[in-house]
Amino acid sequence: MISYIRGYYVITVEGIGIEKFLNHLIRNNIRIYNVNRTSNIKIEFCVDRRDMRAFKQVYRGSNYDIKVKQKTGIPFVLKRIYKLKGMWICAVISLLLLMSTSMFVTDIYIKVPEGIKQEEIRKELYNVGLKPGVYKRNIDRKEIRDYMMLKFDDIAYISINVKGTNIFVTVTRKAETLESKEKSNYCNIIAKKNGIIEKVIPRSGNQIAEVGSIVQKGDVLVSGSNTKSIPEVWASTFYEVSKSANCEDIIKEKTGNKKRVYTISFYDKKHTLRRNIKYKNYTIDNKEHKLTLGNYTFPIKVKVSTFNETKEVKIKIDKEKLKKDLSEKAQKELEYIIPASARIVNVEHDYKVNKNMLEYRITATTSENIAKVYNLSKSEAEQLIIEQNKPKEGEDAIPQNPNKRPIDDIRNEFEPKEEKNDKQNNIENNNQ
């Protein structure tokens with residue numbers, strides 16, 4: 001290794017009495033090594049570059065045939081490079097280009113949580129100046145972060161990290177908070193889906209829906225219920241799932257003919273080497289090639305798009321197998337949409353074939369509680385209480401004991417107009 005750094009010559013000597021010549025070299029303090037006899041009158045050995053001048057003085061005037069077979073070592077390599085000026089000038093220019101391109105951004109990777117669109121984030125980052133080709137030292141992270149957080153209300157924080165020529169942007173979403181609703185004593189029970197009423201358990205309030213009646217989603221079933229004793233309304237509900245498929249499947253089969261289109265990208269600029277694609281049906285396979293060195297990514301990308309010619313081939317599918325597959329899919333979807341609290345009463349299977357289309361339908365009849373609580377506002381509750389307390393024709397009003405009402409009952413917050421008028425009359429009579 002040291003000899004390679006210093007440089008050495010591989011020399012061949014041919015003649016009679018070569019051993020005397022070698023001894024003469026050693027007496028003159030010329031270091032030789034790797035001695036190898038190639039024939040009876042020919043020998044090969046190595047001499048260091050620094051001993052070559054003394055070697056020349058020794059062999060002058062001798063009768064030996066001396067030749068330099070090889071020059072090996074770093075000094076000779078550098079000398080050859082120096083002679084090839086065009087090569088080292090290009091190397092210097094390439095190094096300067098590499099150093100200059102490493103100061104610019106080549107790629108931006110964005111990671112966003114569910115609910116935030118990545119394309120909108122990328123568009124706004126481009127508008128604020130964070131895009132491929134921008135000088136890295138001109139990136140003001142605080143300014144970009146403040147701009148993005150003002151632009152998007154659902155963003156809590158944006159992390160911007162620079163690694164090599166790549167920028168990694170991580171978006172953190174704000175935590176969703178539940179809206180608090182004011183408690184209310186009174187509510188209406190409405191239908192959360194269509195059905196036929198089977199049974200009503202009115203724990204509180206006035207029953208409106210009768211057994212056997214058909215109700216639509218949103219209809220009032222029980223009015224004036226208390227939130228602490230919610231009624232139950234059981235009804236027959238129906239769930240239907242249909243799946244259809246073609247009895248003939250069309251597949252695309254490759255013919256073997258293909259053409260390639262190359263797209264070269266340099267930062268945001270793209271150049272496509274176009275070719276005339278005359279295929280009527282084809283599939284495209286895309287591959288992108290990048291040149292990286294550690295954390296450094298070169299700004300040049302090559303995208304290879306392979307156009308494979310295809311032809312359509314029709315394949316007939318077994319109807320029994322198709323029915324079985326559609327039945328399994330429909331049953332899985334039915335299990336997903338039917339609530340866990342519902343009890344399945346009956347399931348009907350049916351199918352029909354129209355031309356080449358096979359449609360499979362599953363109808364399930366269930367029994368479930370369709371009661372849904374609709375909280376009433378204070379004004380709606382007051383109006384409901386007044387209407388409930390109105391006596392029917394020919395009947396007297398039923399007196400109520402306020403001491404037996406719940407503490408948070410809405411009736412404790414207001415008094416009917418008749419009671420107010422009675423109190424005012426009593427006060428006036430006492431004053432008289």
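Every number in this text was worked out from the coordinates using simple rules, so none of it is lab data. Worth saying up front: this structure is predicted, and the values here are computed from it rather than measured. Quick reminder, even Gly has a Cβ in these numbers, built from the backbone with ideal geometry, and neighbours come from all protein chains shown.
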Quick one: angle between helix 417-431 and the longest Cα principal axis of the chain, in degrees between 0 and 90, rounded to 10, please. 60 degrees
C-alpha center-to-center spacing [the stretch 114-161, the stretch 253-288] in angstrom: 33 Å
Compute the long axis of helix 18-27 from its Cα atoms, compare it with the longest principal axis of the Cα atoms of the chain, and write down the angle in degrees, 0 to 90, nearest 10. 80 degrees
If you average the sequence gap of Cα pairs under 8 Å that are 6 or more apart and divide by the length of the chain, what percent do you get for the contact order? 12 percent
Once you have the Kirkwood Rh of the stretch 88-180 from its Cα pairs, apply Stokes-Einstein at 4 °C and 1.567 mPa s and quote D in µm²/s. 87 µm²/s
For Tyr351, list long-range residues whose amide hydrogen, built 1.01 Å from N in the peptide plane, is under 5 Å from its own amide hydrogen. Arg361
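Using the per-residue mean of other Cβ atoms lying within 10 Å as a proxy for protection, in what order, highest first, do the peptides 126-139, 158-171 fall?
Values: 126-139: 13.9, 158-171: 16.4.
Ranking the peptides 126-139, 158-171 by packing returns 158-171, 126-139.
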Those lysines that a straight Cα-Cα span of less than 18 Å connects to Lys136, excepting residues fewer than 8 apart in one chain: Lys163
Using a simple charge model, +1 on the beta-carbon of Lys and Arg, -1 on the beta-carbon of Asp and Glu, nothing else, what dipole does the chain show about its Cα centre, in debye to the nearest 20? 5960 debye
Rounded tilt (10° steps) of 319-337 against the dominant C-alpha axis of the chain: 70 degrees
log₁₀ of I(q)/I(0) at q = 0.16, 0.17, 0.25, 0.26 Å⁻¹ - the stretch 49-125, Debye sum with one point per alpha carbon: -0.85, -0.88, -1.14, -1.17
Listed by chain and number, the lysines with an alpha carbon less than 19 angstrom from that of Lys278, same-chain partners under 8 positions apart left out, are Lys252, Lys254, Lys258, Lys259, Lys311
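For the stretch 197-317, what relative contact order do you get, as a whole percent, if you take Cα pairs closer than 8 Å and at least 6 residues apart?
25 percent
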Would you kindly state the longest site-free stretch of the chain, with sites defined as GluC sites (Glu not before Pro) in a DSSP loop (not H, G, I, E, B) surrounded by at most 13 other Cβ atoms within 10 Å? 211-392
With the convex hull built on the Cα atoms of the stretch 248-316, state its orientation-averaged projected area in nm². 6.6 nm²
Any idea how far the Cα center of the stretch 35-94 sits from the one of the stretch 319-338, in Å? 84 Å
When you take every Cα atom in the chain, what is the radius of gyration, and what is Dmax, the widest Cα pair distance, in Å? 46.5, 161
Amide H contacts under 5 Å for Ile110, placed H, 5+ residues apart: Val169
How large are Rg and Dmax for the stretch 2-79 when only the alpha carbon atoms are used, in Å? 12.3, 37
Applied in sequence order to the stretch 67-80, the curve 6.51 cos²θ - 1.76 cosθ + 1.60 (Karplus, θ = phi - 60°) yields integer Hz couplings, x standing for Gly and Pro, of 9, 8, 7, 7, 10, 10, x, 4, x, 6, 5, 4, 5, 5
Using θ = phi - 60° and Karplus 6.51 cos²θ - 1.76 cosθ + 1.60, couplings along the stretch 186-196 (whole Hz; Gly, Pro as x): 10, 7, 9, 9, 10, 7, 8, 6, 6, x, 10
Order the peptides 100-108, 73-81 from the highest to the lowest mean number of other Cβ atoms within 10 Å of their residues. 100-108, 73-81
Please list, in chain and number order, the residues 5+ apart from Glu198 or on another chain whose amide H is under 5 Å from its amide H, with Hs placed from the backbone. Gly212, Trp234, Ala235, Ser236
So for each of 92-98, 66-72 I average, over its residues, the number of other beta carbons within 10 Å; can you give me the resulting order with the highest mean first? 66-72, 92-98
In order over the stretch 222-227: 3J(HN,Hα) from phi, Karplus 6.51/-1.76/1.60, θ = phi - 60°, whole Hz, x for each Gly or Pro, gives 9, 10, x, 7, 9, 5
Mark the label point 7 Å from the Cα of Glu232 along Cα→Cβ and return the residues of the stretch 364-388 whose backbone N is within less than 14 Å of it. 367-372
Antiparallel %, DSSP beta bridges [both residues in the chain], to 5: 95 percent
Just give me a number: lysine pairs in the stretch 1-108, eight or more positions apart or cross-chain, with C-alpha atoms less than 23 Å apart. 18
